[in-house]
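Notes follow the structure.
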Amino acid sequence: MSEKVEDLDVRFERFYAANYPRVKNFAKLLTKSEEDAEDIAQNIFLKLWTRPELWQEQETMTSYLYTVTRNEIFNLFKHQKVEQEYEDKIMKAQLIGDLCDEDTSLLENLYYKEVLLLVKMALDQLPPKRRQIFEMSRFEGLSHKEIAEKLQIPLRTVEDHIYKTLTELRKVLMFVIFFRFFP
């Protein structure tokens, strides 16, 4: 019995050595990421190791491996898209919460997309440096200290820019609320 297991191990090692570089290079070509390509290739060969009936009689399985690799990459891209959409949703919710001082009851009757559009328009009207600092804080999630270090400006300047931006955005929001409730 142990001879069978050792024989299976040796055959898998040969199969792995013959095919791993091709799978990894194909994944890297499509993902443009060494780390993602390595993860994908390792996942594929881990799955194959658990299902020896798929590869046992094969020295190479080129078309099968490329198909499986392509599918893994599609799954990775779908997962990355879901993560990005979730991050965007969280950032937008945080921005709206900041503007309302955590009292979102005022926004219950507003159309979310309208408010986001107005906020974007207001941000576009800001001086470039102020907008950059605000976006680094709210959209990139950097701390005030990190922004100050990155831009080589005083911490107080960063805080001042963010305060002024929030003040401007609150004015826009109050304008929207005023005309929403008092047409």
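The values are calculated or read from the model by the stated rules, or taken from the named source; none is laboratory data. From a predicted model like this one, the values you see are computed outputs, not experimental measurements. Reconstructed Cβ throughout: ideal geometry from the backbone, glycine too, with neighbour counts over all protein chains shown. Surface accessibility is based on the protein's heavy atoms, side chains included, excluding ligands, DNA and RNA. Shrake-Rupley method; radii C 1.70, N 1.55, O 1.52, S 1.80 Å.
Annotations for the structure displayed:
- Pairing residues of region 16-33 that are over 14 Å from residue 64 (Cα atoms) and of a type in the set (Asp, Glu) with residues that are at pLDDT 90 or above and surrounded by 17 or more Cβ atoms within 10 Å (Cβ to Cβ), at Cβ distances under 8 Å and at least 6 apart in sequence or on separate chains, gives no pairs at all.
- Restricting region 19-36 to residues that are of a type outside the set (D, E, K, R) and open to solvent by 40 Å² or more (accessible area, probe 1.4 Å), the residue that is farthest from the chain's Cα centre (by Cα): 21
- Residue in region 92-99 that is surrounded by fewer than 12 Cβ atoms within 10 Å (Cβ to Cβ), of a type in the set (D, E, K, R) and modelled with pLDDT of 70 or more present: no
- Among the residues here, residue 156 qualifies as among the basic types (Lys, Arg), modelled with pLDDT of 90 or more and surrounded by fewer than 16 Cβ atoms within 10 Å (Cβ to Cβ).
- All positions within region 121-168 that are over 25 Å from the mean Cα position of the chain (by Cα), not in a helix (DSSP H, G or I) and not aliphatic (A, V, I, L, M): 125, 127, 152, 154
- Restricting 113, 120 to residues that are at pLDDT below 75, surrounded by fewer than 16 Cβ atoms within 10 Å (Cβ to Cβ), out of contact with any Gly (no Cβ under 8 Å at 6 or more places or on another chain) and within 16 Å of residue 91 (Cβ to Cβ) narrows the list to 113.
- Residue satisfying condition, being assigned to a helix (DSSP H, G or I), under 24 Å from residue 8 (Cβ atoms) and open to solvent by 60 Å² or more (accessible area, probe 1.4 Å), within set 78, 47: 47
- Pairs where the first residue, in region 125-147, is at negative phi and the second is modelled with pLDDT under 90 and open to solvent by 50 Å² or more (accessible area, probe 1.4 Å), C-beta under 8 Å, 6+ apart: 126/168; 131/124; 138/94
- Selected residue (criterion: farthest from the chain's Cα centre (by Cα)) from residues of region 37-52 that are aliphatic (A, V, I, L, M) and more than 14 Å from residue 62 (Cβ to Cβ): 46
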